[in-house]
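Data first, discussion second: the structure below is written as structure tokens.
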Amino acid sequence: MRAIAAVVVSAVVMAVAGTAVMAHPMTYKGTVVSVAEASLQVKAMDDMTKKESTMTFKVNDKTKIYRGETLVAFAAAKVQKDERIVVTVNMDESPDAALEIRLAAAK
Amino acid sequence: MAATRPRRAWIAVAVALAMTAGAAAWLRGAGITSRRKPWPLEEAAARSMRRYLIPGAARNAPNPVSPTPEAIRAGMAHFADHCATCHANDGSGDIALGRSMFPPAPDMRSEATQSMTDGELFYVIERGIPFTGMPAWGNGSAEGRRSTWELVRFIRHLGQMTDAEMREMEDLNPRSPADEKQAKDIDDFLSGRGKIIK
């Protein structure tokens, strides 16, 4: 019974959370064009328009940066020009501030 | 004199009815929303009503599960899976769903929650809180009760969460098939399998 209740609640919660939460993030997959102290430029495809463009994302103390599976500071991530990058932003709050940055594990 | 007492009672009833009607008229069209914080008096009233209704024996029940690291971890895993959608991994309630319901999910690290007894926490987890978003999780089984007591241990631990524990919980949070697919797409892309844009 607990399992059934848990599944039902999870389903309802996920359906609600899905519309409430998932509508806001936007994920860009692209390559790094340049890196500055608190921002980076990324060339990526816009999922809606299917056009490539170069965008600038701000990096702040709320940005979570993952090098592989490891959470690191922006400087410690040593982001390289031309490497692959995935940037997630919140379209409602600030479409140009990176919430999450993902990079391939260091070799 | 004997006739005045029933007459007074009728007057009291009439005044009470008039006040109720007045309040109803005043509130009409005031609007409704689940996106607000309870007023202090409202919250105090709800809490004291809850305390009043929970039987003394349940309130004073000691936690049979010792606060071992294993018990806290078990509670943490369970919390990440079933509770964090409303309460957030850190128990703050600062998450879309918890903030948008009325009453909102409380910050369980606060005095208001931490001053509840282990027995009271156990009781509300097992039986839920009527007229709120808090579901009942108990099923009456001994195994279920055990895991609820572990949850109580974890709630006591909320103030001392480490970054490593937070990350571990993120991995344990439920994900929809769409989330899984997106995570896989990202992994594929970063490991060089996806289409590259140059």
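The values are calculated or read from the model by the stated rules, or taken from the named source; none is laboratory data. Please read all numbers here as calculations on a predicted model, not as lab measurements. Please note: Cβ atoms are built from the backbone with ideal geometry, for glycine as well, and neighbour counts cover all protein chains shown. Accessible surface areas use protein heavy atoms only, side chains included; no ligands, DNA or RNA. Shrake-Rupley method; radii C 1.70, N 1.55, O 1.52, S 1.80 Å.
Kindly provide the trypsin sites (Lys or Arg not before Pro) of the range B:13-110 that DSSP labels as loop, not H, G, I, E or B, and whose Cβ sees at most 14 other Cβ atoms within 10 Å.
Passing both the DSSP loop test and the Cβ count: B:R28, B:R35, B:R36.
Accessible area per residue of the range B:28-154 at 1.4 Å probe, in Å²?
Per residue, the range B:28-154 has an accessible area of 57 Å².
Please work out the Cα center distance from the range B:83-122 to the range A:20-98, rounded to the nearest Å.
One Cα centre to the other: 32 Å.
Which listed residue (B:P69, B:A16, A:M48) has the Cα farthest towards the positive end of the charge dipole for the protein assembly as shown, taking +1 on Lys and Arg C-beta and -1 on Asp and Glu C-beta about the Cα centre?
Result: B:A16.
Counting other C-beta atoms within 10 Å, and keeping those with at most 15, which DSSP coil chymotrypsin sites (Phe, Trp or Tyr not before Pro) do you find in the range B:90-173?
Those satisfying the criteria are B:F131.
For peptide B:182-189, compute the average count of partner chain beta-carbon atoms within 10 Å of each residue's beta-carbon.
Shielding by partners across B:182-189 averages 4.
Obtain the nm distance between the two label points defined at B:D163 and A:D96 by a simple spin-label model: each point lies 7 Å from its Cα along the Cα-to-C-beta direction.
The two pseudo-label positions are separated by 2.9 nm.
A:M55: accessible area at probe 1.4 Å, nearest 10 Å²?
Ignoring ligands and nucleic acids, A:M55 comes out at about 40 Å².
Show me you know the interface measure: the accessible area buried between B and A, both chains summed, probe 1.4 Å, in Å² to the nearest 100.
2500 Å²
The range B:1-94: which chymotrypsin sites (Phe, Trp or Tyr not before Pro) are DSSP loop and have at most 13 other beta-carbon atoms within 10 angstrom?
Counting only loop positions with at most 13 other Cβ atoms within 10 Å, none of the chymotrypsin sites (Phe, Trp or Tyr not before Pro) in the range B:1-94 qualifies.
Of the heavy-atom accessible surface of the protein assembly as shown (probe 1.4 angstrom), what whole percent is carbon and sulfur?
61 percent
Do you know which residues of the range B:121-156 lose at least 30 square angstrom of accessible area in the protein assembly compared with their chain on its own, with a 1.4 angstrom probe?
Those are B:W137, B:N139, which lose 30 Å² or more relative to the chain on its own.
Once the piece of chain linking B:E43 and B:D94 is laid out straight, how much longer is it, given 0.36 nm per residue of separation minus the C-alpha distance between them?
So the chain would gain 16.5 nm between B:E43 and B:D94.
Have a look at B:I129, B:I32, B:I11 and tell me which one the Gaussian network model of chain B (Cα, springs below 10 Å) gives the largest fluctuation.
The residue with the greatest mean-square fluctuation here is B:I11.
Checking the a/c ratio against 1.5 first, then a/b against b/c, what shape does the Cα gyration tensor give for the protein assembly as shown?
Here the protein assembly as shown falls in the prolate category.
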